[in-house]
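Worksheet: one structure, shown below.
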Amino acid sequence: MKKNIYSKIFILCMIFTGCFMTGCQQEDLIVDVIGKTDNSSLEIADFKNWFNSQGIVSEFTGKQELDWGNAEIKLMRDGNSQQVSFEIYKGKNSLGNDSIRELQIAYVNNRFTGGVKIFSFYNEENAHAGYYSLSGRILEEGKYYAPKQLYMLLKRYADEGGRVRLKTGNESNNPCTYAADPASATPQIIDGNWNPNAYNCHAYVWGYLSSNDPCYDSNLPLWNDCPDISGSGYSQVSGAPKAGDRWVSWGYVSDVGIWPIHSAIVREVKNGKVTKVEAKCGDAEIRVYDPDCIEYASYMTNNVKYYRK
């Protein structure tokens with residue numbers, strides 16, 4: 001997201017509701033496997049019982065029982081809180097690359113809290129990292145770079161509608177397909193340097209920023225994180241959307257408030273429902289896809305608006 005407003009690159013982990021912490025460096029440098037500690041009576045069964053008490057049913061498909069035998073209790077960086085984390089799904093995303101999901105439950109300040117971390121790789125070195133509550137609500141997302149394993153925290157969500165299924169089975173038929181021009185991908189960083197040709201969804205739909213704009217970033221001159229929707233000549237549509245409309249997903253961003261998360265162009269509408277949009281997907285290509293596809297859950301908030309000239 002915004003480079004000026006979000007100028008700090010957090011070399012941090014995903015922080016779950018302010019206290020659920022995991023490390024951004026190699027995990028074994030930050031946590032110690034303890035199984036059962038002298039200062040706590042917590043066991044794997046305690047985490048399992050808490051999870052089962054949450055009634056998470058619809059979001060988990062595949063296995064009837066999670067593999068708690070592969071779970072370990074780990075001590076978090078504060079030296080007191082404990083966490084269970086284990087892989088619940090490994091398959092392929094819509095690009096055919098690895099998608100890895102971990103169930104994480106922490107015991108912090110005498111209470112349990114849980115979520116799912118998802119790494120969906122674009123290639124061997126670049127992944128989208130998302131963190132979701134157990135009900136499927138996206139909490140944070142960013143980019144993951146291997147082997148350095150650094151996070152750039154891009155978005156913080158306070159209250160967003162969840163659009164993700166957390167899977168534990170092996171998906172052989174991914175319902176998410178899209179058309180794309182591979183040559184249109186524009187990574188922000190190439191060989192460790194900023195790519196001045198990189199542009200994003202807002203730039204594709206609403207145009208570039210001028211060098212006088214407060215959001216302009218000379219490192220990424222074509223990247224637009226402050227789309228001027230009100231001054232674009234487009235007005236919000238109160239009725240049903242139609243092909244050619246501009247699709248904007250709004251969400252809460254820390255330190256800013258409600259902000260455009262993603263912009264696209266409506267390409268197909270069936271029975272009043274948008275079934276295809278065209279968008280520049282961050283660093284990735286220009287794609288035509290179904291916005292309800294689970295691979296695009298991070299783009300779909302509960303506040304989508306349509307604009308038309």
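The values are calculated or read from the model by the stated rules, or taken from the named source; none is laboratory data. Predicted model, so just to flag it, every value in this text is computed and none were measured. Every residue, glycine as well, gets a Cβ built from its backbone with ideal geometry; the counts of neighbours run over all protein chains shown.
Things to note:
- Set Ser58, Ser53, Ser94, Ser81: member being over 21 Å from Pro187 (Cβ atoms), at pLDDT below 80 and among the polar types (S, T, N, Q): Ser58
- Pair list, Cβ < 9 Å and 6+ apart or interchain, from the range 221-242 residues that are part of a strand (DSSP E or B) to residues that are not aliphatic (A, V, I, L, M): Ser235/Tyr307; Ser235/Arg308; Ser235/Lys309; Gln236/Lys305; Gln236/Tyr306; Gln236/Tyr307; Gln236/Arg308
- Selection within the range 278-309 - at pLDDT below 90 and charged (D, E, K, R): Asp283, Asp290, Asp292, Glu295
- Residues in the range 245-255 include none that are closer than 19 Å to Ser120 by Cα, outside any strand (DSSP E or B) and at pLDDT below 95.
- Restricting attention to the range 105-139 and to residues that are in a strand (DSSP E or B) and more than 16 Å from the chain's Cα centre (by Cα), the residue that is farthest from Asn49 (Cα to Cα) turns out to be Val108.
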